[in-house]
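Laboratory data are not the source of any read-out in this text; all were calculated from the coordinates shown. Computed from a predicted structure; not experimentally measured. Here the Cβ positions follow ideal geometry from the backbone for every residue, glycine too, while neighbour counts run over all protein chains shown.
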Amino acid sequence: MTTSGSTALRAFAVVFAAGFSAPTFAQEIGDPIPDSYICVFKPGPINVGLEARTSLAKVGGQVTHVYQHALHGFAAHLSSAAVGALVAHNPMIDYCEQDRIAGIPDGATATARPGGGGGGGTTQSIPWGVARLGGPGIEAGKTAWVIDSGIDPTHPDLNFDGSRSKSFLTNDTSVADANGHGTHVAGIIAAKDNTFGVVGVAAGAKVVSLRVLDRRGNGPDSGVIAAIDYAASGVAQPGDVANLSLITTLSQAMNTSVVNLGATGVFVAIAAGNNAADASAYSPASASGPNVYTVSAFQQKDTWATFSNFGSPVDFSEPGVSILSTYKGGGYATLSGTSMAAPHLAGLMLLYGTNFVTGGQVSGDPDGQPDPIAVIK
């Protein structure tokens, strides 16, 4: 995934958000959120919630999230002067970083279609990306945790798990998808193998909505980390998959939380980004650790997608151009981006963990190290 706050991202927002009122926080991916910070404690035994509240009581501020599993720390509304005082006078604080806007990678556009079938008809189609990987596969009882804009909870082509779904937006408790992106990601992973619509890589697997992005596809880094922390709390089991088709500027706190989620045995699929740039400059794309995989995108004939990020953080390349999948409102849409590539790998990991095989490599990789293509055995 990528971020730059570019004109392309704003064009994407218009596709989905025309007619809505202005958001209450910064517009562009990577923009700082005024008076909002993420603070991380040094290693050691600590009552995170108590220490966070006690620390803020001394300098002035309000806790918005407490992290106890993937990260030991908190997010808070407080002034920059209060942050300075907090770090200077509390030896338990390791660091604090500015909270920023995370969001859907730049440059995607949607062609939406109504419900009732993959092209508005009554028959099921196998999207080319699923077919390229040798799918669909038979799901193995695992769960996909979609950290995104939400999921359409009544989409007939998805096995939606509402009991474990949760919103991490401080101003909206709904887990439903007001954008379309999260539902699209969920369908690539796990759309049902039935008689209509589309079919996912791990057909019929449960999908959980961890909503961190609003109807425009934006949300605070602090909320993304809160969703990762929730997944790491034990609700997501070893062998489950978390998908992160979103991006922000480089964040130590976010990368650390992703690595710690992978350490619990949950597989993590991450979009590399759509800036045609080195993925090392972005989070969570630059996160690296056991069970954590960053994914670039290719188009048909295994040719590099020119928008895709590249570089040493990338582990695999998967289909990411003109991908048909489920969409909000019970419909279907075609989207392009590394956001679409990552859930292909997420579906594979639901089927096989990391015991999958590679089936070729992409041509035209800008870094000169062609990314391998993971496929169904």
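For the chain, please report how many Lys pairs fall under 15 Å Cα to Cα, leaving out neighbours fewer than 8 apart on the same chain.
Lysine pairs meeting the criterion: 4.
Would you mind putting 209-220, 257-268 in packing order, based on average other-beta-carbon counts within 10 Å, highest first?
Peptide ranking by packing, descending: 209-220, 257-268.
Just to be sure I understand: with springs between alpha-carbon atoms less than 10 Å apart, which residue in 146, 362, 201 has the highest mean-square fluctuation in the Gaussian network model of the chain?
Result for the chain, Cα springs under 10 Å: 362 fluctuates most.
Which one of 163, 174, 312 has the biggest mean-square fluctuation once the chain is modelled by GNM with Cα springs under 10 Å?
Greatest mean-square fluctuation among the candidates belongs to 163.
Identify, among 89, 104, 284, the residue whose Cα sits farthest towards the positive end of the charge dipole of the chain, taking +1 on the Cβ of Lys and Arg and -1 on the Cβ of Asp and Glu, with the dipole about the Cα centre.
My answer, from the dipole projection, is 104.
Rank by packing, highest mean first: peptides 99-105, 62-68, 330-336, with packing defined as the count of other Cβ atoms within 10 Å averaged across residues.
Ranking, from highest mean packing down: 99-105, 330-336, 62-68.
Around residue 64, which amide H atoms from residues at least 5 apart in sequence, or from another chain, sit under 5 Å from its own amide H, with H modelled in the peptide plane?
Residues meeting the criterion, in which the H sits 1.01 Å from N, are 75, 76, 77.
Only Lys, Arg, Asp and Glu count, each charged at its Cβ (+1, +1, -1, -1), so figure out the dipole size of the range 103-375 about its Cα centre, rounded to 20 debye.
Dipole about the Cα centre, nearest 20: 520 debye.
With each run of n ≥ 4 DSSP H residues scored as -39500 (n - 2.57), what mean residue ellipticity at 222 nm is computed for the chain after dividing by its residue count and rounding to the nearest 500 deg cm²/dmol?
After summing the helix terms and dividing by residue count, I get -7000 deg cm²/dmol.
How high is the FRET efficiency between residue 361 and residue 140 when r is their beta carbon distance and R₀ equals 25 Å, given to the nearest 0.05?
That gives a FRET efficiency of 0.40.
Could you check the spin-label model distance between residue 300 and residue 94? Points 7 Å from the Cα along Cα→Cβ, value in nm.
Output for this residue pair reads 4.7 nm.
With the Cα gyration tensor of the range 103-375 giving a ≥ b ≥ c as the square roots of its eigenvalues, does the rule (a/c under 1.5 for rounded; else a/b larger than b/c for prolate; else oblate) give rounded, prolate or oblate?
In terms of gyration-tensor shape, rounded.
First check a/c for the range 198-249, with a ≥ b ≥ c the square roots of the eigenvalues of its C-alpha gyration tensor; if it is under 1.5, answer rounded, and if not, answer prolate when a/b is larger than b/c or oblate otherwise.
Details: a/c = 2.38, a/b = 1.30, b/c = 1.83.
Verdict is oblate for the range 198-249.
Where in the chain are the helices, taken as whole DSSP H runs, whose Cα atoms extend 18 angstrom or more along the long axis and whose Kyte-Doolittle mean reaches at least 0.0?
338-352
Set the Förster distance to 35 Å, then compute FRET efficiency between residue 154 and residue 276 from the Cβ-Cβ distance, nearest 0.05.
0.40
What full-extension length gain, to one decimal in nm, is calculated for residue 48 and residue 79 as 0.36 nm per residue of separation minus the Cα-Cα distance?
Taking 0.36 nm per residue and subtracting the Cα distance, the gain is 9.1 nm.
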